[in-house]
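The values are calculated or read from the model by the stated rules, or taken from the named source; none is laboratory data. The model shown is predicted, which means the values in this text are computed figures rather than measured ones. Please note: Cβ atoms are built from the backbone with ideal geometry, for glycine as well, and neighbour counts cover all protein chains shown.
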Amino acid sequence: MAESLFTKILVPVDFSPCSEEAFRVALTLARTFQAKLLLLHVIDTSALATFNQLGLLAVPSDAQGQKRRLRHHARLNVRRLLESESAEGVAVTRVVLEGAPFTEIARSARTEKVDLVVMGSYGGRSGSVDKIFFGSTAEKVVRTAGCPVLTVPLPAKSRRS
């Protein structure tokens, strides 16, 4: 019997429509190849620190409380995502990390020894200034993950709306 092409797939999500489409693709691939699926959300602590420094948080000194709330919302959104798509028959591990998204995604790809990363080609802040100056998260992951990365665009019907 031939060895499966993919045994462990990482799908990072930021809950944008593009990352949710990537999750659907990753779920299909995991089911097809009978692979394990690692569902990852990264709380962007660098953005949180910037918001704090600029005084954009309701209570600037409450960064820990803000992280707790973001972690709670991430868990709720992961649960919603898993309930909206049938993950039946796929072993899904959920992970929520804190840090710079591309760093944590690439690190997880290496430490978890995944065969493939499936991610949205752009996330929730696709038109942001940081993308213009620093490149997209997907682009950075492609360069640093150490395994193949499949980037998934929004489906055509979503792009037209």
Which of the residues that make up the stretch 112-150 are assigned to a helix (DSSP H, G or I), at pLDDT below 60 and among the charged types (D, E, K, R)? Asp130, Lys131
Please go through the stretch 59-96 and give me each residue that is of a type in the set (Gly, Ala, Ser), closer than 28 Å to Ala35 by Cα, out of contact with any strand residue (DSSP E or B) (no Cβ under 8 Å at 6 or more places or on another chain) and assigned to a loop (DSSP other than H, G, I, E, B), ordered by number. Ser86, Gly89
Under the condition of being among the β-branched types (Val, Ile, Thr) and free of Cβ contacts under 8 Å to residues at least 60 places away in the same chain, which residue from the stretch 93-112 is nearest to Ala138 (Cα to Cα)? Thr103
First in the stretch 16-35 and without any contact (Cβ under 8 Å) to a residue 60 or more places away in the chain, second anywhere and buried (at least 16 other Cβ atoms within 10 Å of the Cβ), Cβ under 7 Å, 6 or more apart: Arg31/Val90; Phe33/Phe6
Every residue in the stretch 1-37 that is assigned to a helix (DSSP H, G or I), among the small types (Gly, Ala, Ser) and farther than 14 Å from Ser86 by Cβ, please. Ser19, Ala22
Please find, within the stretch 17-51, the residue that is surrounded by the most Cβ atoms within 10 Å (Cβ to Cβ) out of those that are of a type in the set (Ser, Thr, Tyr) and at pLDDT below 90. Thr45
